[in-house]
Amino acid sequence: MDSLQRERFKAITAHDRLPELERGLALAQALGLPAIKLNAVLLRGLNDDELPQWMDYLRDRPFSVRFIELMRTGDNEAYFQRHHLRADVVIEQLLAAGWHERPRAADAGPAREFGHPDHRGSIGIIAPYSRDFCKGCNRLRVTAKGDLRLCLFGEFGVPLRPLLQSDDDHDALLARITTQLGLKAAGHGLHQGQTGLTPHLASIGG
């Protein structure tokens, strides 16, 4: 949900679906879902002026909004250079507005969580270019074609599909995944412009 403004949302995403998202969020809240999370990418020159509006939005809504730092992929170098906004710029604005970083749980995901005593919602910052971001990474992905990716920007995938055809292969599947965990790299090469196998994030699938 990259903007709270309908026309801007349409310009960024090429879809006029903000009202549809708002109806879905209202329904989720009415149903009492315990955790409602939104992802947004703050883009320099496109929507980075909306942070105060997002803070206001979370005053009465118990949502968790995750601001994801724009990542360079194989096909977006020019876009990245124009619109990349460093996560520490966002964090500085949050701290200046009275938000505080929450203690990190041992099993937490990649987001640094911030809260405010006057707001029901929270803000998470996912900052892949920050120092030590990869140190606590606990994420794996399986592509739509059944390849295990240890990192979004890794140089290889590990085929799991042959072991997903039969329950008899459960132990072999578990062994393959466990073995690969030991090979997970300590960091990515994004700072050096190395985007691995990822031409664009849509290519990863789930």
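The values are calculated or read from the model by the stated rules, or taken from the named source; none is laboratory data. Everything numeric here is computed off the predicted structure, so don't read it as measured data. As a convention, Cβ positions derive from the backbone with ideal geometry for all residues, glycine included, and neighbour counts pool all protein chains shown. Note: areas computed on protein heavy atoms with side chains; ligands, DNA, RNA excluded. Shrake-Rupley method; radii C 1.70, N 1.55, O 1.52, S 1.80 Å.
Observations on the model:
- Screening the candidates 101, 113 for the property of being among the acidic types (Asp, Glu), in contact with a strand residue (DSSP E or B) (Cβ under 7 Å, 6 or more places away or on another chain), within 16 Å of residue 39 (Cα to Cα) and in contact (Cβ under 8 Å) with a residue 12 or more places away in the chain yields one hit, 113.
- Residue within the stretch 66-84 that is polar (S, T, N, Q) and under 30 Å from residue 162 (Cβ atoms) present: yes
- Taking the criterion of being in a strand (DSSP E or B) and either of a type in the set (S, T, N, Q) or surrounded by fewer than 18 Cβ atoms within 10 Å (Cβ to Cβ) (or both), the residues of the stretch 68-111 that qualify are 100, 101.
- In the stretch 145-167, the residues that are in a strand (DSSP E or B) and either under 21 Å from the mean Cα position of the chain (by Cα) or farther than 11 Å from residue 177 by Cα (or both): 147, 148, 149
- Residues of the stretch 33-43 that turn out to be under 18 Å from the mean Cα position of the chain (by Cα) and either part of a loop (DSSP other than H, G, I, E, B) or of a type in the set (D, E, K, R) (or both), as a count: 6
To keep it simple, each residue is scored yes or no on (1) open to solvent by less than 70 Å² (accessible area, probe 1.4 Å); (2) at pLDDT 95 or above; (3) in contact with a helix residue (DSSP H, G or I) (Cβ under 6 Å, 6 or more places away or on another chain).
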| site | (1), (2), (3) |
| --- | --- |
| 5 | no, yes, no |
| 8 | yes, yes, no |
| 17 | no, yes, no |
| 23 | no, yes, no |
| 28 | yes, yes, no |
| 34 | no, no, no |
| 38 | yes, yes, no |
| 42 | yes, no, yes |
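- Restricted to the stretch 44-67, and to residues there that are open to solvent by less than 40 Å² (accessible area, probe 1.4 Å) and in a loop (DSSP other than H, G, I, E, B), the residue that is farthest from residue 25 (Cα to Cα) is 47.
- The test for being out of contact with any Lys or Arg (no Cβ under 7 Å at 6 or more places or on another chain) and not in a strand (DSSP E or B) holds for residue 128.
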